[in-house]
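Report on the following structure.
Where a number appears in this text, it was derived from the coordinates with a stated rule and is not lab data. Values in this document were obtained by computation on a predicted structure and should not be read as measured data. Glycine also receives a Cβ, built like all others from the backbone with ideal geometry; neighbour counts cover every protein chain displayed.
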Amino acid sequence: MSRAAPKKGENFELRNDLNSEYRDRRKDAIKRVIANMTVGKDVSGLFPDVLKNMQTEDLEQKKLVYLYLMNYAKTQPELVILAVNTFVKDADDPNPLVRALAIRTMGMLRAEKIIDYLSDPLQKCLRDENPYVRKTACLCVAKLYDLKPELAIEHGFIGQLQEMVADSNPMVVANAVTALTDIHATAVLNASESSPAPSQANFIITPQVLGKLLVALNECSEWGRVALLNCLARYKAVDEKESEHICERVLPQFQHANGSVVLAAVKVIMVHMRSLHREDLIKQIIKKMAPPLVTLVSSAPETQWVALRNINLLLQKRPDLLQNEMRVFFCKYNDPPYVKVEKLDIMIRLAQEKNVDTLLSELKEYASEVDVDFVRKATKAIGQCAIKIETSAGRCVQVLLELINTRVSYVVQEAVVVMKDIFRKYPHSYEGVIPTLCANLDELDEPEAKASLIWIIGEYAEKIDNASELLGVFVDSFLEEAYQVQLQTLTAVVKLYMKKPDTAQGVVSKVLETATKDCDSPDVRDRAYIYWRLLSTDPNAAKAVILASRPPITLAQTTVPPAILEELLGEIGSLASVYHKPADTFVGRGRVGADAVHRKIEDQEEEVTREKALQTLVAGQQAENLLNFDDALATEGEATGLAATTAAIVHSNAGQKVLTSSNPLDDLASIFGSTGLTVPTHAPIASSPMALSPAPIFPSPPIGAPVSNGPAVPSKPEDDLLGLF
Amino acid sequence: MISGFFIFNQKGEVLISRLYRTDLKRSVADVFRVQVVSNTDVRSPIITLGSTSFFHVRVANVYILAVTKSNANAALVFEFCYRFISIAKSYFGKLDEEAVKNNFVMIYELIDEILDFGYPQNSEIETLKHYITSESVRSEIALRDDSKIAAQTTGSTSWRRTGIRYKKNEAFVDVVEVVHMLMSASGTVLRADVTGQVLMRAYLSGMPECKFGLNDKVVLQNSRRAEGETYEAGTVELEDAQFHQCVRLNMFDTDRSITFIPPDGEFELMRYRAESSVHLPLRVQPIVTEVGKTHVDYTIAIKANFNTKLSATEVVLRIPTPLNTTQVECKSPAGKAKYVPAENVIRWQIPRIQGGSEVTLTATASLTQTTDRKPWQRPPLDVDFQVLMFTASGLLVRYLKVYEKSGYNSVKWVRYLTKANGSYQIRF
């Protein structure tokens, strides 16, 4: 030994024991070494001493020494060579378990030097008469490829694997397929533009391979089935008949006890169902798919959660899938929070006219639980129910009122936000609720809830006697509020002025002045200038813009864009399907990965925006008069309302970037934001310092500025809008 | 796939750590400690940081953790974690910090056998027990046996070895049903369904071919139709059934017959779910009234709704009390009732309730004054119980046929048990 060994301490004692003449003592020492290794202590110094114990009849001791070797082989490559002989010898042992163990461990050593000695034993083991050794050797090829791809190709190991797909033993088939898939994935991952993936590493599933897979599927172990099913999902069927055949052969797997087999089978079916056209067959398949999915909901919470996330995806594609199964998604009091939230989301997806009553009483129950986050989501769900099912809206409002009467602060706040959405969907219904809402004004301390209530007051100002008084409170504390609240206050006060010009004169000039002069948010200032200018130039136009009716909101059927949804359905069971995000967004190596993701998103985004742009254009052409564009402007002004609902439905998911940018309002907003502003701002900025008293700026409506001026303003953006596309 | 497998204790100390792939460093363990173990508000069983994903399951006082760097199959990873848990429980009797520390060598041996390069391998408990044993020194005979074991582990009946011999051929079938019930405050049943298991202990010689028959509505209807009768009563409609890998799924798919070559010893043959006509064994009627702000009065009646010859045992009711309860006075003619302050419940334990009988508990909880104006949330009351020789779904085993080349006779036993654990809830 070259380096001076310490004369005392734990390692010294261990070394003594490792070299002991008693077998039990040596073995015990190895166990202690492994224990130290596990907790992260450095025992690499004992390498030669541990190595001495490798030659043994005791299989357990051998395994322990191997475990040690796997850990330190990388740091002690020159010493590993000493072990090679034993490995090669073991790979020839009469006991198949020892042969398999040797080949399994050699592949894990990950030392360059030992790899050269690996080829011969591996070659032998791949042809071993014992299937246990063969299946272990299969995976060893994947390990080798991971370490030194060229070697695996050179020695023809991959070719051999491909032959082994036809092995007589189903487990060997499964592991050969697993190894090939792994190699394929590694090759694709490591491929760059300068060095594309070697063609040998590609695992192409031919119709011949397909036949083998389908045969092995019914006989191999549960984990093997998952591997085979994954391959079946990758296979591109030549025609509809073949797809039908695959579906028929895969359907029995729905009855497997292992949930991952069931989900893998669902994946295969979803992929191959795309090319099916026979309605009755599709219906039959969907009918068979529902029960096993429901069963997954009663599994362990973690598995259950994975299943729920996937069910959520499946429902976006096939809303009819679990039509009559809402009850199984009822939350149990002791479900973990992540399960509850997911169940809630699925229940909303399954809500129909016939089951909405049960759902509502369930949601009301949840809203009285203790977990604040869950209670809020439950309250929100009531609103989503109302928006989704028109006939239930009345009952939903009733439930919300009951919740407001509990006077639990966060429930009230959430209920107010939800009520605003309901007013957006069903304008001029349920006005009777407004007094109750206003009575809770003092309770609100969250910006979103405040903004919602202010919006409601502004919208129904003509019907609320003390509207100016209520809004006055917010105008007084204007600068202390969040921007969201400031924007809403501004709009609501202007609305109030339009509806009741005589009572609101004072408050409107105050708010415009504060907003333009003292507010530090450019958004708030800009909006205030627009209103000011509109009011001073053409009150009729102002009315058309500010009091325009908004398009009703709807509940989004999907949370991910269609293209991504299709991609995710081909990934059922995987992390991607759990996160509802394409895999590239959370895995990927280094910059290349990140770039690819970026590119992909950009591509999709481009596509979606182009689509939306076209729609907007069509809408524009259909417009009968120019004021319809103002409509859009007004909507933009209310974006918080609509955005809030969309945000409620879209979770923090992938594709969110894509989603938000696909919102046509954004595109419009940017167009209007630039063109709309350049024209009118000029005047108010110049005039406001001169006109200290607000009165001259607000000529009363009948006197107003020349009427012809009105259409002239919006006509400009229109030109630009059309010109832009 | 799975790049690393770890076991942590509650303090976040590493008990077991095994890396399967090079894309991971041992230091990921620290990340997990910071992000999950010492984080009080973990809202998901999967956490992804950068491109590393942590899948964790908590059992007793340990965390089982699988780490991946790819778009792994999440369902498979969790199924694997749970499989590991059941293997460990079967080997060591329990899975907690103590068991892991005492058996860490064996655990390393096990996880190396069931996970190779991050891909799960054979994980049948009965098979594993043949060649991963606690007896360390192996005899010559054992070594000769190894070839057989190796062949069997990978064979098409990987779950059964050849040459098993018993003097007396016996098979025990246990049908265990768990009732899930949720009743609203107004007494309507919101949800009632049954998840059942058919557990089998097979002590049969050779390679027996088994055929198992239930009073499955679909099967009976088909056969009766062939005989020209219609027959409805006494059948059970299964929503879904899931089988052990020994059962030939394609056969079940074609004619719903359950045929298999069983593993030796104990295994779960089948799992099923039934929703229609679930017979609820216990009816609980709680009357809970809040008297002013100082007292809550309870009258809880529980009635056994089944044949008088049977009885429910180990009945435990957990009746929630408000958080500001100081003491509870209970009166009951049967069983013991006691206030458990740590859980905010009255625990009412009744060793036995005969079918058809009814018992009532009256209790009064005294409350302290609080400034909290929030009303009491009233979590649901839950009941645990066991009823022997009763199935809530009405499922019956019609036959279990065993065919073996040697043509021996076998004795079969069937037991039924219906129970609830935390799944029988009543709102009030």
Classify segment A:446-557 from the C-alpha gyration tensor, please: rounded if a/c falls under 1.5, else prolate or oblate depending on whether a/b exceeds b/c. rounded
Please check which bits of segment A:393-413 a label hung off A:Glu431 would reach, taking the label as a point 7 Å along Cα-to-C-beta and the cut-off as backbone N under 20 Å. A:393-395, A:397-398, A:401
For A:41-51, A:91-101, ranked highest to lowest by mean beta-carbon neighbours within 10 Å, the order is A:91-101, A:41-51
May I ask you to list, by number, the DSSP H helices of chain B whose Cα span along the axis is at least 24 Å and whose average Kyte-Doolittle hydropathy reaches 1.0 or more? B:74-92
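What does the average come to when, for each residue of peptide A:220-230, you count the partner chain Cβ atoms lying within 10 Å of its Cβ?
Whole-number average of other-chain Cβ neighbours for A:220-230 is 5.
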Averaged over residues of B:101-114, the number of beta carbons from other chains lying within 10 Å of each residue's Cβ is 3
A correct fewest-to-most ranking of A:Trp532, A:Trp305 by other Cβ atoms within 10 Å would be A:Trp305, A:Trp532
Taking θ as phi - 60°, what are the ³J(HN,Hα) couplings along segment B:179-194 by the Karplus curve (6.51, -1.76, 1.60), each to the nearest whole Hz, with x for Gly and Pro? 8, 9, 9, 9, 10, 7, 4, 7, x, 8, 7, 7, 8, 9, 8, 10
Quick note on A:Cys231, A:Cys125, ordering by fewest other C-beta atoms within 10 Å, gives A:Cys231, A:Cys125
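For Cα pairs less than 8 Å apart in space and 6+ apart in sequence, what is the mean separation divided by the residue count of chain B, i.e. the relative contact order in percent?
About 15 percent, as a whole number.
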For B:Gly4, which sequence-distant residues (separation of 5 or more, or a different chain) have an amide H within less than 5 Å of its own amide H, given hydrogens modelled in the peptide plane? B:Tyr20, B:Val67
Net charge within 10 Å of A:Ser299 by Cβ-Cβ distance, Lys/Arg positive one each and Asp/Glu negative one each, not counting A:Ser299 itself? -1
List the lysines whose Cα sits under 23 Å from the Cα of B:Lys331, skipping any in the same chain fewer than 8 residues away. B:Lys293, B:Lys303
Hey, can you grab everything whose amide H is under 5 Å from the amide H of B:Thr48? Only 5+ residues off in sequence or another chain; H modelled, so Pro and N-termini drop out. B:Phe54
Give me the lysines in straight-line cross-link reach of A:Lys283: C-alpha distance below 16 Å, same-chain residues under 8 apart excluded. A:Lys317
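What number does segment B:4-123 give for Rg over Rh if you use C-alpha atoms and the Kirkwood radius? Kindly include the intermediate steps, with their values, before the conclusion.
Values: Rg = 13.3 Å, Rh = 14.4 Å.
My calculation of the ratio gives 0.92.
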Span from the segment A:14-77 Cα centroid across to the segment A:224-238 one, whole angstrom: 42
Please give the average number of partner chain Cβ atoms lying within 10 Å of the Cβ of each residue in A:293-303, rounded to a whole number. 6
Applying the Karplus parametrisation 6.51 cos²θ - 1.76 cosθ + 1.60 with θ = phi - 60° to the phi angles of segment A:413-426, what ³J(HN,Hα) value in whole Hz is obtained for each residue in order, glycine and proline being reported as x? 4, 5, 4, 5, 4, 5, 4, 4, 4, 5, 5, 5, 6, 10
Based on other C-beta atoms within 10 Å, arrange A:Cys140, A:Cys385 from fewest to most. A:Cys385, A:Cys140
If one computes the Cα centroid of segment B:296-332 and of segment A:478-494, what distance in Å separates the two points? 55
Cα gyration tensor category, rounded, prolate or oblate, for segment A:510-565 with a/c compared to 1.5: oblate
Partners for A:Lys499 among lysines (Cα-Cα distance below 18 Å; same-chain residues under 8 apart left out): A:Lys463, A:Lys510, A:Lys543
Too long at a 22 Å Cα-Cα cut-off: which of A:Lys63/B:Lys101; A:Lys63/A:Lys143; A:Lys27/A:Lys143; A:Lys377/A:Lys425? A:Lys27/A:Lys143
Karplus-derived 3J(HN,Hα), 6.51/-1.76/1.60, for each residue of segment B:125-131, Hz, glycine and proline x: 4, 4, 5, 4, 5, 6, 10
